[in-house]
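What follows draws every value from the coordinates through simple rules; no lab data is involved. Note that the coordinates shown come from a computational prediction; the quantities given were computed from them, not determined experimentally. Cβ placement follows ideal geometry from the backbone for every residue including glycine, while neighbour counts extend to all protein chains displayed.
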């Protein structure tokens with residue numbers, strides 16, 4: 001039976017290939033800024049294991065993108081300015097830059113914190129901006145993973161709730177925060193969170209990561225900034241609104257694997273976002289919080305840790321996005337295995353049919369790169385494919401990445 005959904009997916013991908021800049025194909029210089037098409041997205045390249053994004057504070061309203069007809073369209077006022085203040089404060093503190101990705105489109109045109117259907121609502125230019133936005137974040141994550149092994153992602157938002165406090169979303173719902181610490185410390189809730197990887201590495205328990213004495217919320221409260229969850233506010237309180245995290249936190253945190261843990265930061269307006277002095281004060285406090293957070297939970301010398309001070313021994317299985325992607329015949333596939341074992345790499349088409357076996361051999365622990373030339377597979381046409389890597393050793397792993405081939 002003809003599947004219009006699959007056809008639309010293929011056509012959308014091909015449009016993106018022909019129109020979008022290949023954000024993953026560039027070499028990014030820390031401190032420099034890189035733009036997507038028409039400056040709808042911006043990537044401020046960094047060198048620290050710290051990534052920020054701001055998707056709801058944009059102001060551009062181009063005529064070529066019609067207004068979205070459903071979903072939330074309210075702008076998070078001054079969140080881009082807040083994120084920029086945090087970037088500046090981190091640089092002042094460390095002498096180095098964090099990564100920062102922003103959407104400059106007004107939320108009426110694009111909501112990058114939603115899946116592409118609701119986010120862009122079928123407009124090709126909005127879809128391209130969506131791909132560029134998340135592609136820049138993926139590039140930042142790949143850089144952090146390559147040089148540090150692990151890192152932290154913060155999606156910056158603003159809320160208009162009546163209670164003036166930070167809301168920290170780890171993909172743990174309001175009702176879950178009413179559970180006891182012993183209940184939260186089960187693998188079920190750890191696996192649901194955007195800090196899944198960090199929970200397996202930190203000396204603190206999962207509940208302590210959420211609301212203990214060295215949690216983000218409590219560290220903010222120690223500096224006079226109310227936050228939930230925290231020791232003082234372990235849950236939002238009965239009937240009170242609370243944002244637990246959205247698409248970007250789900251996609252770029254470690255819930256589904258990887259070593260970049262994340263949080264959605266919802267900041268109230270008055271006292272945080274409403275003036276340049278308040279934004280600067282908040283940014284300085286946030287930098288102090290993150291410095292302590294990295295010492296406590298990552299085991300590093302805070303934000304000032306040099307990459308050479310952090311072990312290069314692989315401790316986590318990771319299949320990175322192929323480079324370049326989209327690609328014309330040749331692409332590189334990079335992966336990390338923390339133990340020696342058997343590695344198999346298969347390519348599947350959009351219908352789930354296996355089209356190529358790229359690797360099936362024993363690999364030593366470490367970082368590996370495989371170059372695939374699709375020209376050797378004459379039966380492959382332009383379109384979307386999936387690269388599946390399976391690892392069998394002292395532990396078993398499986399991961400998959402989407403590839404786009406253009407002949």
Peptides ranked, highest mean first, by Cβ atoms within 10 Å: ranges 75-82, 339-346: 75-82, 339-346
Efficiency of FRET between residue 406 and residue 213 - r from beta-carbon atoms, R0 56 angstrom, step 0.05: 0.60
Row for region 318-405, column shape: gyration tensor on C-alpha, a ≥ b ≥ c, rounded if a/c < 1.5 i.e. under 1.5, prolate if a/b over b/c, else oblate; value prolate
For every helix of n ≥ 4 consecutive DSSP H residues, a contribution of -39,500 (n - 2.57) applies; sum these over the chain, divide by its total residues, and give [θ] at 222 nm rounded to the nearest 500 deg cm²/dmol. -8500 deg cm²/dmol
Using a ≥ b ≥ c from the Cα gyration tensor of region 79-219 (square roots of the eigenvalues), is it rounded, prolate or oblate, where a/c under 1.5 gives rounded and otherwise the larger of a/b and b/c decides, a/b for prolate? prolate
Note to self: C-alpha centroids of region 360-404 and region 179-251 sit apart, in Å, by 35 Å
Once you've got the GNM for the chain with C-alpha springs shorter than 10 Å, pick whichever of 353, 279, 251 has the biggest mean-square fluctuation. 353
Compute the relative contact order of region 22-312 as a whole-number percentage, counting only Cα pairs closer than 8 Å that sit 6 or more residues apart in sequence. 22 percent
Return a whole-number percent for the relative contact order of region 318-405, with Cα pairs under 8 Å and 6 or more residues apart as the contact set. 35 percent
Show me 198-205, 54-61 ranked by packing, highest mean number of other Cβ atoms within 10 Å first. 54-61, 198-205
In whole Å, largest first, what are the principal axis extents of the Cα atoms in the chain? 63, 54, 43
Shape call for region 25-85 from the C-alpha gyration tensor, a ≥ b ≥ c root eigenvalues: rounded (a/c under 1.5), prolate (a/b greater than b/c) or oblate? oblate
